[in-house]
Amino acid sequence: MDRRHSARVDVQLPVEVWGLDAHGQAFMDPAMVTNMSTAGIILQGLRRKIRAGEILDVRMGNDKAQYRVVWVGGPGSRRPGELGMQRMTDYAFPLNSVLTCCAQVAGSC
């Protein structure tokens, strides 16, 4: 039985992520949200070493939210290169940002 309080949805949403990597270096890099719920996201594509517990800012369009890294999928794990992140701000990405992104992708087909 799943203990989650909110449904998860598989997506492919391009975002920008910024914060501090495992070496304390500031960064701002593109990434992809591959799964989301009202409580958190799964992020893929960061090419930096990130530690669990770090707080990262994630921006999509003009909207941004802060997330805490809960788990890091390292090499050899079931989810290499992914970060499981818990929402820290009062809102996840507003619906308008998600709909705008989906409309742009649909328009390019």
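Values in this text are rule-based calculations from the coordinates and carry no lab data. Because the structure is predicted, anything quoted here is derived from the model rather than measured.
If you average 1/r across every pair of different Cα atoms in segment 1-77 and take the reciprocal, what Kirkwood value do you get, in Å? All intermediate terms of the calculation are to be shown ahead of the outcome.
On the way: mean 1/r = 0.0756 Å⁻¹.
That comes to 13.2 Å for segment 1-77.
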Exercise for review: Using the Karplus curve 6.51 cos²θ - 1.76 cosθ + 1.60 with θ = phi - 60°, work out ³J(HN,Hα) for each residue of segment 9-17 in order, rounded to whole Hz, and write x for Gly and Pro.
Suggested key: 10, 6, 9, 9, 10, x, 9, 10, 10
Review point. Per-residue HN-Hα couplings for segment 18-32, Karplus 6.51 cos²θ - 1.76 cosθ + 1.60 at θ = phi - 60°, whole Hz, x for Gly and Pro?
Key: 9, x, 10, 7, 5, 9, x, 8, 5, 8, 9, 9, x, 7, 10
**Study point:** Per-residue HN-Hα couplings for segment 70-80 [Karplus 6.51, -1.76, 1.60; θ = phi - 60°; Hz; x = Gly/Pro]
**Key:** 8, 9, 10, x, x, x, x, 8, 5, 10, x
